[in-house]
There are 4 protein chains.
Amino acid sequence: MLVVMHAKATSSEVERVCEAIRAMGLAPHPMPGASRTAIGITGNRGTVESASLEALEGVIQVIPVTRPYKLVSREVKADDTLIQLPGGSSIGGEALCVMAGPCAVEGRQQALRIGRAVKAAGATVYRGGAFKPRTSPYAFQGLGREGLEILAEVRAETGLPIITEALDPAGLDLVESVADVIQIGARNMQNFSLLRRAGQARKPVMLKRGMSATLEELLMAAEYILGEGNYQVILCERGVRTFADHARNTLDLSLVPAVQRLSHLPIVVDPSHGTGRRNKVIPLARAAVAVGAHGVMVEVHDDPDRALCDGPQALPPEMFQDLMDQVRALAPIVGRRA
Amino acid sequence: MLVVMHAKATSSEVERVCEAIRAMGLAPHPMPGASRTAIGITGNRGTVESASLEALEGVIQVIPVTRPYKLVSREVKADDTLIQLPGGSSIGGEALCVMAGPCAVEGRQQALRIGRAVKAAGATVYRGGAFKPRTSPYAFQGLGREGLEILAEVRAETGLPIITEALDPAGLDLVESVADVIQIGARNMQNFSLLRRAGQARKPVMLKRGMSATLEELLMAAEYILGEGNYQVILCERGVRTFADHARNTLDLSLVPAVQRLSHLPIVVDPSHGTGRRNKVIPLARAAVAVGAHGVMVEVHDDPDRALCDGPQALPPEMFQDLMDQVRALAPIVGRRA
Amino acid sequence: MLVVMHAKATSSEVERVCEAIRAMGLAPHPMPGASRTAIGITGNRGTVESASLEALEGVIQVIPVTRPYKLVSREVKADDTLIQLPGGSSIGGEALCVMAGPCAVEGRQQALRIGRAVKAAGATVYRGGAFKPRTSPYAFQGLGREGLEILAEVRAETGLPIITEALDPAGLDLVESVADVIQIGARNMQNFSLLRRAGQARKPVMLKRGMSATLEELLMAAEYILGEGNYQVILCERGVRTFADHARNTLDLSLVPAVQRLSHLPIVVDPSHGTGRRNKVIPLARAAVAVGAHGVMVEVHDDPDRALCDGPQALPPEMFQDLMDQVRALAPIVGRRA
Amino acid sequence: MLVVMHAKATSSEVERVCEAIRAMGLAPHPMPGASRTAIGITGNRGTVESASLEALEGVIQVIPVTRPYKLVSREVKADDTLIQLPGGSSIGGEALCVMAGPCAVEGRQQALRIGRAVKAAGATVYRGGAFKPRTSPYAFQGLGREGLEILAEVRAETGLPIITEALDPAGLDLVESVADVIQIGARNMQNFSLLRRAGQARKPVMLKRGMSATLEELLMAAEYILGEGNYQVILCERGVRTFADHARNTLDLSLVPAVQRLSHLPIVVDPSHGTGRRNKVIPLARAAVAVGAHGVMVEVHDDPDRALCDGPQALPPEMFQDLMDQVRALAPIVGRRA
């Protein structure tokens, strides 16, 4: 259910509606927008008795939400969500977001060198894994806490906000204390405990689509996060599993307009994991910007052949510079700035 | 690496080899078999200096393991793993394992009624979810702790061992304290923190294949559990995501012989999730037994239309009786007992 | 639309209804069944004026068909279609059909040797390709006409009916003149000209499911054949394309009960193409029989390593004998004879 | 095998090499390029005795081709293939090719109206189906011969070259006599007889990727056409079958750079079939141009709700105008003209 408030409803009117909802044993989620404030209601199994709410000051109407997801839906919040990051960059608006950096933080010098390079080329966010989910228990699992400290140093030196992945609730505590954006990886898209914990975080969360997740499942996973009160969620398409063998995954760019139709959340594209092949990253990054994504996430490494993780898909810094030049030229055509 | 011991090697000889391995900073995993004891070595990035180990008493040879997974491999343990459960049932041997019960424990009476029915029909393990992973945050999430207490009652009354799912480390503590088998669901197949925690449990673990997991990824996920010292792992095929729309998932029965060739771990099949349609469960359960699976897992509900979860795939008790009659007739033909 | 006739309707009553349908510019398809004769009507875009038909002698009622396919549907013909082959074997009834032989006819001696072997082991139909659809234009394309002559010899010597593939209308003329069953391969499942030509043939047709065909597309493809007047159609599941890499294709056994619910046509399973791996053919053949398929199609070669086509999935004759022994033991449990 | 000739080799030297190849019982395929002429050799099962060819005038060397496909490969022809169409448009070069028109030709007026509209908006080729492959035998199958005549009229009036689909050898004769480009649809990608017939045509052929075809299978299918002597082939990505349900197919744009690396053939993208949803066609058309495709194929209809075929994916003319404006702005950034 959704309570639609008058454009001029006061904040105390909004609060009174929220109290009334709480009094029914339900949870109110006020979503302020440019032209109106809507209050999502969760916790109800059936219909909410709407007459008593409609009688309150400032309420226009109480309407049912027709989608299985609610808070992520454009029905509840018509305006695009814009996420502001420290240092002035943002995700979800006119400015194209470019997250770049190594798959894994391998050491202080490596992380800083790559940080300087991507900053110089025009990246707006630095990415780097401190905790790495690896198919094999015998593969490099990341530097952990030490990796987080290095990330903080990269931020201090470059001024770039940091995004890094959390794998479990304990790790999320650590990541939240350092990162500017918390990443939930594809393998954890339906790790509902982790999603709930991310929903309690006070930092934005980037949620990657699972390898065989439908659009509805992705939106529902995001709903877990919003349902806990964290409305700062970015979605990420990173390729799905198919029979096709010319790339590591099949990048599904049609997800971008599909998300934008149904949800107010920003969506970015990861052409590095999406293709798994260095020579396809730039063309697919161009395509991602052209299709209308709010940003791209790209792996950059200054010695890809010796990378501890995903070397074959990492761009050397000069290729990343080339990528930036190309997406910068493209962005204005789709109404973005880069 | 793998240390192969003489058939007549004594346990103190085995222990001396383990100590030598630990002294190298590595982890020994003794895997006793019918004809020999092998000791898997994990923790090495490169080659282990094998000469010093080969010089020890009781050692035949030290051989490299050629697969990316080690402990789950038949190279390391040639004999099938047999998992004994309380009450005399087992998984992995001649006896066909039939796990049956409701998708979710909905209440004491429901759980007990279904428990009596599946016991009477010949089930060997009772299944029922106390913690339910649900695509939607607004769907029934299980009774939690109370559900576990009910499961313990069902066991007390029916004598059937209990399998139930754990969704996160905290839940696993609770599940481990009650269940006889801990289930890790498809969505968590690559939740590596949870796998590690399951590897520290002292109860058998059933690991379901992820919706788009390859055989190698499934075996690697199991390797995470064995790598922590828990060798009691059962694999489960439950259908994969494809374009096909006549069933909820596409049950991939060829996984069964594929696993059995490469691994010593038992594998069971879940035709309920694998098809998602009541009318296909019995034919696919027959096929699962015929293909050589060590068991099947089936959802049974005595009022499927009102089930809080997955009603369309639940069998009413009389259909489950029919299923049992059919698989009992089939089992001897593939060398099993039911 | 479907005209349902009285059980005791005479053949001249049926013929009079057919004439009335033709007079409307439509096509009648009489489908005699055990308990009633139904007459399918095709050619209508909208509704047929049914009152005039219902007024005819012997007509019970005229009912709309709710599925997009008509003639293949159980609504139109409730009884299973049973296809009689020369020499007394059949497909679609109690007797399990086992089609066996080489992927391609490579020569007279090879074809005869394998023919004797599969006959001795209990096969009921001989398979062998004279025209081979090959991914590469440079691969062996079959012996063509000469291959058909060899197939006729195999039949003469073994008494087994012959199934072989037709790739195009010209080839279908040749195949029809020799074969007992005309095979349409997976790559041609939606080659609608070929399907129409097969519908004009006076021999049974086996239609293999396309590599990514849905159930509805498969039934629609069969409808093309029945629509031309050939009601002797057998469907075949041979595996679909997925991300899974432990087998060449993913054999989708749930298609068997799904087809049997919706259609009266027999369905067989090809575990050779379905897995592409010799070591998986026997387990999956067992599963196919257990799931309820009317038969299996298996590739047999007496020198698989030198086979000109698909050697890795061919069984040597002794393994085929083993397969026969196993499916013979299984068949009675699912109500079949082998 | 591939014979590489000197840049200055004369045409009679080339002809003498071809004769020598024919004398070996093999087929020569001269492929003139900007910097050299190469002569592909097909028909050999093993190695060709190359010494005698290397001894001929004008030959630099004879080298093996390492890919399973030969004539489509960049190894054999390094330069991009440029296909010239009547009226001055082309496919494969700097000029972006935009094929637009209705799914099916429904009538003279409809076809002409849409033709004028797409010409005015800037399309370079007119598309329209006269023979339609339809999943259902009861769906509109196209106007056939009459449709071809209408297409000729559209060309006469608009000056646009025509592309239309051929479904079988008989239809290809008709299509070849009228069309400027012969289309082979996704369902026929491995209809090898039809591919061979297309290879004998004297018109360019556009080959659409099958719904679950790998890159190698697509290139092999094209090789069938080139192997018959028709080197004027355009490839087309039109989406593949996956589990994803927010679009009719999953458009696989990574195929574009993958093809361009391995083959000299042009590749275009069909975002209409690739998404099946009107609201996704423009974003994906932009992405297709940005990824580097040589063109796009778009369905346009001036009354989509009444279209006899694929209405939900057709753009009304004003949306097509919008698409043209957007791709025109994008094209220069990827080095194309539109």
**OP:** List the number of the failed condition for C:I182; all other conditions in (1) more than 13 Å from chain D (Cβ to nearest Cβ); (2) in contact with a helix residue (DSSP H, G or I) (Cβ under 6 Å, 6 or more places away or on another chain); (3) not in a strand (DSSP E or B) hold.
**Re:** (3)
**OP:** Kindly check whether there is at least one residue in region A:247-268 that is more than 20 Å from the chain's Cα centre (by Cα) and away from chain B (no Cβ under 14 Å).
**Re:** yes
Original post:
Mind checking which residues of region A:55-85 are in contact (Cβ under 8 Å) with a residue 12 or more places away in the chain and more than 24 Å from the chain's Cα centre (by Cα)?
Top reply: A:L56, A:E57, A:G58, A:V59, A:I60, A:Q61, A:V62, A:I63, A:P64
**OP:** Mind listing whichever residues of region B:149-170 are modelled with pLDDT of 95 or more and in a helix (DSSP H, G or I)?
**Re:** B:E149, B:I150, B:L151, B:A152, B:E153, B:V154, B:R155, B:A156, B:E157, B:T158
Original post:
Of the residues C:P133, C:P137, which single one is in contact (Cβ under 8 Å) with a residue 24 or more places away in the chain and either within 30 Å of D:M220 (Cβ to Cβ) or not hydrophobic (A, V, I, L, M, F, W, C) (or both)?
Top reply: C:P133
Original post:
Among the residues of region B:283-311, how many are over 15 Å from the mean Cα position of the chain (by Cα) and among the β-branched types (V, I, T)?
Top reply: 3
**OP:** Look at region C:227-246 and say how many of its residues are out of contact with any helix residue (DSSP H, G or I) (no Cβ under 7 Å at 6 or more places or on another chain), in contact (Cβ under 8 Å) with a residue 12 or more places away in the chain and more than 9 Å from chain D (Cβ to nearest Cβ).
**Re:** 4
Original post:
Among the residues of region C:201-239, which ones are charged (D, E, K, R) and part of a loop (DSSP other than H, G, I, E, B)?
Top reply: C:R202, C:K203, C:R209, C:E228, C:R238
Original post:
Just one of A:A123, A:A152, A:A156 is under 21 Å from the mean Cα position of the chain (by Cα) and farther than 13 Å from A:L174 by Cβ; which is it?
Top reply: A:A123
**OP:** Could you please find all residues in region D:259-291 being buried (at least 24 other Cβ atoms within 10 Å of the Cβ), of a type in the set (A, V, I, L, M, F, W, C) and either out of contact with any Leu (no Cβ under 8 Å at 6 or more places or on another chain) or within 29 Å of D:L71 (Cβ to Cβ) (or both)?
**Re:** D:V259, D:L265, D:I267, D:V268, D:V269, D:A288, D:V289, D:V291
Original post:
Inside region B:72-93, can you point out the residues that are in a loop (DSSP other than H, G, I, E, B) and within 29 Å of B:V3 (Cα to Cα)?
Top reply: B:V72, B:R74, B:E75, B:V76, B:K77, B:A78, B:D79, B:D80, B:T81, B:L82, B:G92, B:G93
Original post:
Between residues in region B:298-326 that are at pLDDT below 95 and residues that are of a type in the set (A, V, I, L, M, F, W, C) and in a helix (DSSP H, G or I), which pairs lie under 7 Å by C-beta distance while being six or more apart or on different chains?
Top reply: B:D302/B:I114; B:D302/B:A117; B:Q313/B:V281
Original post:
Does region D:47-61 contain at least one residue that is at pLDDT below 85 and closer than 28 Å to D:R202 by Cβ?
Top reply: no
Subject >> Selected residue [under 16 Å from A:P317 (Cβ atoms), in the same structural domain as A:P304 (by TED's automatic domain parsing) and of a type in the set (D, E)] from A:E146, A:E153, A:E106, A:E165 >> reply: A:E106
Original post:
Among A:G295, A:G274, which is at the interface with chain D (Cβ under 8 Å from one of its Cβ atoms), in contact (Cβ under 8 Å) with a residue 12 or more places away in the chain and touching a strand residue (DSSP E or B) at 6+ places or on another chain (Cβ under 8 Å)?
Top reply: A:G274
**OP:** Identify, from the list A:V268, A:V300, A:V233, A:V291, the residue that is among the β-branched types (V, I, T) and either within 24 Å of D:V296 (Cβ to Cβ) or not assigned by TED's automatic domain parsing to the domain that holds A:G122 (or both).
**Re:** A:V291
**OP:** Would you point out which residue out of D:A198, D:A170, D:A156 is free of Cβ contacts under 8 Å to residues at least 24 places away in the same chain and within 14 Å of chain C (Cβ to nearest Cβ)?
**Re:** D:A170
Subject >> Qualifying positions in region C:316-338 - away from every other protein chain (no Cβ under 14 Å) and either touching an Asp or Glu at 6+ places or on another chain (Cβ under 8 Å) or farther than 25 Å from C:V105 by Cβ (or both) >> reply: C:P316, C:P317, C:R337
**OP:** Kindly provide the set of residues from region D:110-125 that are surrounded by fewer than 24 Cβ atoms within 10 Å (Cβ to Cβ), under 22 Å from D:C236 (Cβ atoms) and of a type outside the set (G, A, S), ordered by number.
**Re:** D:K119, D:T124
Original post:
Given the residues D:G107, D:G128, D:G142, D:G88, which is the only one that is small (G, A, S), without any contact (Cβ under 8 Å) to a residue 60 or more places away in the chain, crowded, with 22+ Cβ neighbours inside 10 Å and more than 14 Å from chain C (Cβ to nearest Cβ)?
Top reply: D:G128
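The values are calculated or read from the model by the stated rules, or taken from the named source; none is laboratory data. Bear in mind the structure is a predicted one, so any value in this text is a computation, not a measurement. Glycine gets a Cβ as well: all are built from the backbone with ideal geometry, and neighbour counts include every protein chain shown.
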